[in-house]
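Only one structure is covered here, and it is reproduced in the block below.
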Amino acid sequence: MELFRPVGEKELVLIKQAGWRSFPPRLPEQPIFYPVLNARYAGEIAGRWNTKDANSGFKGYVTRFAVEDEYISRFEPHQVGASYHMEYWIPAEELAEFNRHIVGEIEVIQTFE
């Protein structure tokens, strides 16, 4: 399954350091990892939120990546706003396992400043 993740500058640096193969561990105040199901929603988050956040370096990026279908089917998608605001809720303690099921590389498909 193709998924998307809006990230800021700091998170993107960590993804690059991991060889474009995994997302960094969540911070203690971040109990859930939220990959989203479409680029439109990811772009809204990256453009509207990351660009206004000092912790994101006032930059937003939309990443695209694939996850094994069998693995992601363990999780239910959640609608959190408009009909296309769909995301998965991956518990932070399961992120390392999630990363093992990424197929190929994580790529940047949009940049917002």
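The values are calculated or read from the model by the stated rules, or taken from the named source; none is laboratory data. Here the structure is a predicted model, which means the values were calculated and not measured. So basically every Cβ, Gly included, is an ideal-geometry build from the backbone, and we count neighbours across all protein chains shown.
Filtered by the rule that a residue be touching a residue at least 24 places away in the same chain (Cβ under 8 Å) and β-branched (Val, Ile, Thr), segment 7-38 gives Val7, Ile15, Ile32, Val36. The set of residues in segment 16-73 being of a type in the set (A, V, I, L, M, F, W, C), modelled with pLDDT of 95 or more and assigned to a helix (DSSP H, G or I) consists of Ala39, Ala42, Ile45, Ala46, Ile72.
Annotation note: of Thr63, Thr51, the sole residue that is touching a residue at least 60 places away in the same chain (Cβ under 8 Å) and surrounded by 12 or more Cβ atoms within 10 Å (Cβ to Cβ) is Thr51.
Against the conditions (1) loosely packed, with under 14 Cβ neighbours inside 10 Å; (2) under 11 Å from the mean Cα position of the chain (by Cα); (3) among the aromatic types (Phe, Trp, Tyr), where does Phe23 fall short? Just the number, please. If we test Phe23 against (1) loosely packed, with under 14 Cβ neighbours inside 10 Å; (2) under 11 Å from the mean Cα position of the chain (by Cα); (3) among the aromatic types (Phe, Trp, Tyr), just (1) comes out false. Taking segment 75-100 as the search range and keeping residues that are assigned to a strand (DSSP E or B) and among the hydrophobic types (A, V, I, L, M, F, W, C), which one is surrounded by the fewest Cβ atoms within 10 Å (Cβ to Cβ)? Here the answer is Met86.
So if I check each of Ile72, Ile45, which one is on the phi < 0 side of the Ramachandran plot, touching a strand residue (DSSP E or B) at 6+ places or on another chain (Cβ under 9 Å) and surrounded by 19 or more Cβ atoms within 10 Å (Cβ to Cβ)? Spell out the reasoning first.
On the way: Ile72 fails: surrounded by 19 or more Cβ atoms within 10 Å (Cβ to Cβ).
So the residue among Ile72, Ile45 that is on the phi < 0 side of the Ramachandran plot, touching a strand residue (DSSP E or B) at 6+ places or on another chain (Cβ under 9 Å) and surrounded by 19 or more Cβ atoms within 10 Å (Cβ to Cβ) is Ile45.
Just one residue in the set Val103, Val36, Val108 is farther than 17 Å from Glu11 by Cα and either surrounded by 13 or more Cβ atoms within 10 Å (Cβ to Cβ) or of a type outside the set (D, E, K, R) (or both); that residue is Val103.
Yes/no per residue for (1) in contact (Cβ under 8 Å) with a residue 12 or more places away in the chain; (2) among the charged types (D, E, K, R); (3) closer than 15 Å to Val7 by Cβ:
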{"residue": "Gly43", "(1), (2), (3)": "yes, no, yes"}
{"residue": "Ser83", "(1), (2), (3)": "no, no, no"}
{"residue": "Trp89", "(1), (2), (3)": "yes, no, no"}
{"residue": "Asn99", "(1), (2), (3)": "yes, no, yes"}
